[in-house]
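The structure under discussion appears below in the form of structure tokens.
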Amino acid sequence: MKKLILSILITLPIIMIMAFKTGETDKKSITVRQPGENELVDCLVKYKSNWGETCTQCGTAASPDTYIVYVKNTCSKKLDVMVGVQEESKWWRLSTFYGVNSSDTLRIYACKGTGKWLKWAREANDKSFTFPTQKEVNEQYK
């Protein structure tokens with residue numbers, strides 16, 4: 001009985017730490033849903049991200065602050081998408097892509113990133129859903 005209690009006392013904190021770290025990673029991605037919106041935003045899946053990758057838009061030299069996120073359309077529908085990557089200043093660098101085919105991949109960057117990113121999606125050419133403006137995103141997601 002003492003061995004069982006000792007095992008539980010050792011195992012429980014390890015499980016709690018692992019659960020906390022998993023939740024911590026998930027906080028970096030923000031899935032944005034508008035009222036009545038379908039789950040097309042779930043089609044956009046981050047499959048990789050890198051810190052310190054060379055980014056010509058941020059200058060000629062690689063910087064450890066550069067954050068690059070790679071997103072893939074995993075659904076069969078063609079999508080219009082907007083993805084934002086947060087800069088250290090809390091300003092969101094937004095990129096909009098129209099007509100993203102199934103399995104297409106996108107590369108989005110922040111020159112001095114925080115590791116946070118946002119995503120929006122709609123069916124290609126669906127004008128009933130409009131993407132937010134730069135000002136709206138910066139005010140709502142600080």
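FYI, it's all coordinate maths here, none of it is from the lab. The model shown is predicted, which means the values in this text are computed figures rather than measured ones. No Cβ is skipped: glycine too gets one built from the backbone with ideal geometry, and neighbour counts run over all protein chains shown.
Strictly greater than 24 Å: what percent of every Cα pair in the stretch 28-140 meets that?
23
So for each of 124-136, 79-91 I average, over its residues, the number of other beta carbons within 10 Å; can you give me the resulting order with the highest mean first?
Ranking, from highest mean packing down: 79-91, 124-136.
Just add up the charged neighbours of Lys112: K/R +1, D/E -1, any other residue whose Cβ is under 12 Å from the Cβ of Lys112.
Net of charged neighbours comes to -1.
What size of dipole, in debye to the nearest 20, comes out for the stretch 28-140 about its Cα centre when the only charges are +1 on Lys and Arg C-beta atoms and -1 on Asp and Glu C-beta atoms?
The calculation lands at about 140 debye.
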